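To keep things clear, I will list the structure first and then write my remarks on it.
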Amino acid sequence: MTASSITPNPRDQRIARAAVIRPDHSRVVRVGFIPLLDIAVLVAAEEQGFAAREGISLQLIKDVSWANIRDRLAFHQFDVAHMLAPMTVASCLGLGSNPSPTLAPFVLGRGGNAITLSVGLYRDMQALAGLGGSEDALTNARALAQVIAARRKAGQRPLVFAMTYPFSSHNYEFRYFMAAAGIDPDRDVTMTVVPPPLTADAMAAGAIDGFCVNAPWNMIAVERGVGRVVAVKADIWPAAPEKVLGVRPDWAESQPETLSRLIVALDAAAKWCDVPENRPTLAEMLAQPAYVGGSSALIGSLLTDRLLVDPDGTLRDIPNYLTFHGEAANFPWVSEALWLYSQMARWGQASLTPDGIDRAASAYRPDLYRHALAGSSTPLPIADRKVEGSAVPIEIATTAGPMALRAAPFLDGRAFEPDRIVDYVAGFPVANPTAGSGSHDPL
Amino acid sequence: MFDGYLSFLPGLAWFLLALHVHAERARTDGSPMKPNAIRVVVVDDNALRAAILVDGLREAGIDGVEVIETSTQLVRRLAAIDPDVIIIDLENPSRDMLEQMFQVSRVVSRPVAMFVDQSDQSMIRAAVDAGVSAYIVDGLKKERVKAIVDMAISRFEAFDRLQRELLEARSELADRKVIDRAKGILMRSRNLSEEEAYALLRQAAMNEKRRIADIAQSLVTAAGLLGK
């Protein structure tokens, strides 16, 4: 990887800091994004002056598809982009169309995803499994498995479930959810892609029976009376990374100072986004048509960790539904890149090889993160890897001393030790490592 | 009084389109391609732009062209048609559906190469710049692919030009409308002739270093507020 030559250099660091004093040195950074709530850090960086403070200006450019984000970044229409974390890992593994290596030096946020099933399907689950409405995600998944078995016996068509992109946390989380209850997502249901803004419509039209997507689209489907949330990201993997800052290696190499300033600005913006008192302002900003659009009341409610899960009015409080800065949220843990690779291998998108492990790990760049934030008040983790999905709180070493991380177990309770990735993938009761990726009959 | 002109705009669009198609024909007639059985699907919700592209492809001797609109049936329809080439506009969110489709080996009966020919980065770049993307079935001859993608790029660019010209024509008409209204207000309220009213507007625009249409708009807005 060409950009591996960018190594932390204390002298560069001093130069970068000193330059901050000269605000006349303004640089424009073109940032591609998809309208989802986790663009918050990017929007706050520009709108609240954190970027300007670093002598840069963000030109935020809205797009409609992740494939466009990938290609427009590759062909220099964007300098950096709001990206699905697995896209960067897939790009370094050479997967998908037009793979162009992309680095992740900064995680833009955690949380926000949810799995929404059609109200009709959920009512079937209630009838069959006696659900009252306050069950946990695993119980819901098992009820779904019962309905799927009953449908098969009755000769009904397989359920159709949607996510937003083949290399997305949504794909892996939806599959994880189903597989934890013994459902084979490649055999028992049909997986397809529906763009986020079309999810509620597709569900209302009966074209899909469920979807996994980021905020605010789950709550929009519930508000429209068509969807029922049965699991959120926090149920499947509480600390899961969601979107990252995607950077082209040649840009990182040729603009190291701008990249550092950008990371400093994003760090400050992320800290600002996490302050509860700032959330109403953040909701107002995100509701602007140029960003996510829609109702600032609905966005505001999501930002206060309160999710309407059923059209009957059932609310669910999800602590840290969207996390932007706390618990080293922005740190690109290499172990997370490897976990994403483990899921690509589990579902046959990639084969598990030593070379693949190196390539997947190369997508995440904690060195660039530390380089930019060296000497700041933000605690910087010392290690690049940790055990993911620990069932007990863990303590990590940072530049500001030990930091406690809450327990963040996976839905099925299996923890991921990055050094034992082969055993980990082999240990899933439901997996399709040779499926040739994806699913059978689509829509 | 310019309302009448506005209703001519769709006609104007077709006229410009016809001119453009004519010019393209003249350009491509020199090297006609033999008709053959290549199947091309155009996924574009913009019917006018799709028509421009289909016309170009037929000119180039490709008759098996089908336009499909975005719908939840997109993947099923593509699987039924089993095209050699899929051309999709970049404004179309359904592009991510295609990405998934190519991840799923059993959907299409033949192996699908990804995004045009990966070795030809300049062609992909030109396509992305023009706002179009193409997916090609593996094994299709390189020259054929290039001709089709080049056609898509040139037609998309032509459509873009057409849109810009239309937009300019429209804003010019809007300018003239607002200037006429401002003149009318000045003529009534200050008892001026049409030429005097226009001269006054022009003088104000020069003094304030603004466009006459902007001055006229301010005047119309102010008059509205004052109930004149």
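The values are calculated or read from the model by the stated rules, or taken from the named source; none is laboratory data. Only a predicted model underlies this, so the values are computations on that prediction, with no experimental measurement involved. So basically every Cβ, Gly included, is an ideal-geometry build from the backbone, and we count neighbours across all protein chains shown. These area figures cover heavy atoms from the full protein model, side chains too; ligands, DNA and RNA do not enter into them. Shrake-Rupley method; radii C 1.70, N 1.55, O 1.52, S 1.80 Å.
Which of the residues in the stretch A:179-205 lose at least 20 Å² of accessible area when you go from the chain alone to all protein chains together (probe 1.4 Å)?
The answer is A:V193, A:P195, A:L198.
Using a Gaussian network model of chain A whose springs link C-alpha atoms within less than 10 Å, name the residue from A:P249, A:P289, A:P241 with the highest mean-square fluctuation.
In the Gaussian network model the winner is A:P289.
Give me the net charge of B:Y198's neighbourhood, meaning all other residues with Cβ under 11 Å from the Cβ of B:Y198; Lys, Arg count +1, Asp, Glu -1.
Counting the neighbours of B:Y198, the net charge comes to -2.
Suppose every K and R has +1 on its Cβ and every D and E has -1 on its Cβ; what is the size of the dipole of the protein assembly as shown about the Cα centre, in Debye to the nearest 20?
The calculation lands at about 460 debye.
Go through B:K183/B:K209; A:K62/A:K243; A:K62/B:K209 and tell me which ones have a Cα-Cα distance over 22 Å in this structure.
Pairs exceeding 22 Å: A:K62/B:K209.
Taking the 0 to 90 degree range and rounding to the nearest ten, how far is the long axis of helix A:119-129 tilted relative to the main principal axis of chain A, both from C-alpha atoms?
60
Select from the stretch A:24-68 all residues whose loss of accessible area on going from the chain by itself to the full protein assembly reaches 30 Å² or more (probe 1.4 Å).
Buried by the other chains: A:V64, A:S65, A:A67, A:N68.
Using a 1.4 Å probe on the protein chains only, how many percent of the accessible area of chain A belongs to carbon and sulfur?
C and S atoms contribute 54 percent here.
If you build a Gaussian network model of chain A, linking Cα atoms that sit under 10 Å apart, which residue out of A:A361, A:A400, A:A44 swings the most?
Judging by the Gaussian network model, the answer is A:A400.
At 222 nm, what helix-only mean residue ellipticity would the protein assembly as shown give, in deg cm²/dmol to the nearest 500, using -39500 (n - 2.57) for each DSSP H run of four or more?
Using -39500 (n - 2.57) per qualifying helix, the result is -14500 deg cm²/dmol.
Quick one: helix A:334-346 against the long Cα principal axis of chain A, what's the angle to the nearest 10°, folded into 0 to 90?
The helix A:334-346 is inclined about 30 degrees to chain A.
Taking the Cα centre of the protein assembly as shown as the origin and placing charges on Cβ (Lys, Arg +1; Asp, Glu -1), which of A:P86, A:P366, A:N214 is farthest toward the positive end of the dipole?
A:N214
Tell me the per residue accessible area of the stretch A:114-239 using a 1.4 Å probe; a whole number in Å² is fine.
Heavy-atom accessible area per residue stands at 29 Å².
Rounded to the nearest 10 Å², what accessible area does A:D201 show when all protein chains are kept and the probe is 1.4 Å?
About 80 Å², rounded to the nearest 10.
Which angle from 0 to 90°, rounded to the nearest 10, does the C-alpha axis of helix A:10-19 make with the longest principal axis of chain A?
With both axes taken from Cα atoms, the answer is about 80 degrees.
Once you have the Cα-Cα distance between A:A391 and A:A154, take 0.36 nm times their residue separation minus that, and quote the gain in nm to one decimal.
Separation in residues times 0.36 nm, less the Cα-Cα distance, equals 81.4 nm.
Could you run the numbers on buried accessible area between A and B, total for both chains, 1.4 angstrom probe, in Å² to the nearest 100?
2600
For A:K153, go through the aspartates and glutamates and keep the ones whose alpha-carbon is under 20 Å away, minus same-chain ones fewer than eight residues off.
A:D124, A:D184, A:D186, A:D188, A:D209, A:D441
Cβ under 12 Å from B:V178's Cβ, B:V178 left aside: what net charge do those residues give with Lys, Arg +1 and Asp, Glu -1?
Its environment carries a net charge of +1.
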